[in-house]
Amino acid sequence: YRSDRAAQVAAGALRHAELVVLVDDGNTAEIAGGLEDIARHDRVRLVRMEVNRGKGTAVAAGVELALASAADAVIVLDADGQHPPELIPRFLAAAEHREVMIGDRPRGEVMPLRRRLANAVSTWALRLVVRRRLRDSQNGMRLFRASALRDVPPPPGRYEAETRHLKALIRGGREIAWVPMPAVYAGEESSFRAVADTLRVVRAVLAPAAPRPATSARGVLAQWLPRIA
């Protein structure tokens with residue numbers, strides 16, 4: 001959304017992925033036209049939202065298409081260049097031992113102050129709720145094995161959807177691998193609203209989980225073993 005770097009990110013991702021799914025989350029006509037050019041590549045698919053519906057909804061739409069294309073795993077990257085495609089092999093290596101891989105950025109001066117504060121508040125609150133040591137809970141560069149996405153699909157929404165998804169994955173017993181990566185902020189315009197979106201994330205963290213009914217022995221074990229542990 002509102003990024004003119006999508007072509008560069010897509011080209012980098014194509015060097016490491018069999019399929020690249022671009023999600024146009026209600027862009028301007030100029031940017032939408034640029035995405036059409038990228039989508040002419042035979043290994044690129046384009047999903048269009050008629051209006052801006054938020055990052056969570058965009059990610060969910062992209063994941064749905066990727067899984068329908070028989071993907072073994074899906075890695076999510078922002079189109080603004082914050083998530084370097086050359087790091088994809090590092091995430092793939094971590095995927096040998098885990099179902100969920102999330103990037104871990106240093107909280108130094110490179111990251112804008114408001115983003116550092118939002119990240120710290122959100123991660124601290126999520127740690128308390130799931131009782132698990134977490135690192136960079138707001139990092140959007142994430143790789144999921146298809147099995148994890150089918151069992152715990154990403155929910156719709158805006159930036160808070162990533163937190164809701166991570167919380168559901170942890171409560172579902174998924175182990176998280178943290179992949180070191182740099183913090184990249186090159187002056188791009190962010191759609192993240194420091195106050196409004198941080199409040200959305202905190203509400204998502206504190207919202208009670210709605211237990212899903214388990215109808216099989218495997219489902220009962222998956223639901224209760226993490227709680228017993």
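Considering only segment 97-108, state which residues are open to solvent by 10 Å² or more (accessible area, probe 1.4 Å) and in contact with a strand residue (DSSP E or B) (Cβ under 6 Å, 6 or more places away or on another chain).
Result: R98, E99, D104.
Can you run down the residue pairs with Cβ atoms below 7 Å, 6 or more apart or on separate chains, where the first is in segment 119-136 and free of Cβ contacts under 8 Å to residues at least 12 places away in the same chain and in a helix (DSSP H, G or I) and the partner is among the aliphatic types (A, V, I, L, M) and open to solvent by less than 90 Å² (accessible area, probe 1.4 Å)?
Note: pairs meeting the criteria are R127/L134.
A93 passes all but one of (1) touching a Lys or Arg at 6+ places or on another chain (Cβ under 8 Å); (2) assigned to a helix (DSSP H, G or I); which number fails?
Tallying (1) touching a Lys or Arg at 6+ places or on another chain (Cβ under 8 Å); (2) assigned to a helix (DSSP H, G or I), A93 fails exactly one: (1).
In segment 155-186, how many residues are closer than 24 Å to L113 by Cα and either without any contact (Cβ under 8 Å) to a residue 40 or more places away in the chain or surrounded by 22 or more Cβ atoms within 10 Å (Cβ to Cβ) (or both)?
Matching residues across segment 155-186 total 7.
State whether one or more residues within segment 82-96 are without any contact (Cβ under 8 Å) to a residue 40 or more places away in the chain, hydrophobic (A, V, I, L, M, F, W, C) and either open to solvent by less than 20 Å² (accessible area, probe 1.4 Å) or touching a helix residue (DSSP H, G or I) at 6+ places or on another chain (Cβ under 9 Å) (or both).
no
Take V152 and tell me if it is of a type in the set (V, I, T) and free of Cβ contacts under 8 Å to residues at least 40 places away in the same chain.
yes
Quick one: count up the residues across segment 53-75 that are of a type in the set (S, T, N, Q) and farther than 12 Å from A146 by Cα.
Matching residues across segment 53-75 total 1.
Can you pull out every residue in segment 10-35 that is more than 28 Å from L92 (Cβ to Cβ) and of a type in the set (A, V, I, L, M, F, W, C)?
Within segment 10-35, A29, I31, A32 meet the criteria.
For segment 160-177, check the following and say yes or no: at least one residue is closer than 16 Å to I75 by Cα and either at pLDDT below 90 or assigned to a loop (DSSP other than H, G, I, E, B) (or both).
no
The values are calculated or read from the model by the stated rules, or taken from the named source; none is laboratory data. The model shown is predicted, which means the values in this text are computed figures rather than measured ones. Every residue, glycine among them, receives a Cβ derived from its backbone with ideal geometry; neighbour counts consider all protein chains shown. Heavy atoms of the whole protein, side chains included, go into the accessibility calculation; ligands, DNA and RNA do not. Shrake-Rupley method; radii C 1.70, N 1.55, O 1.52, S 1.80 Å.
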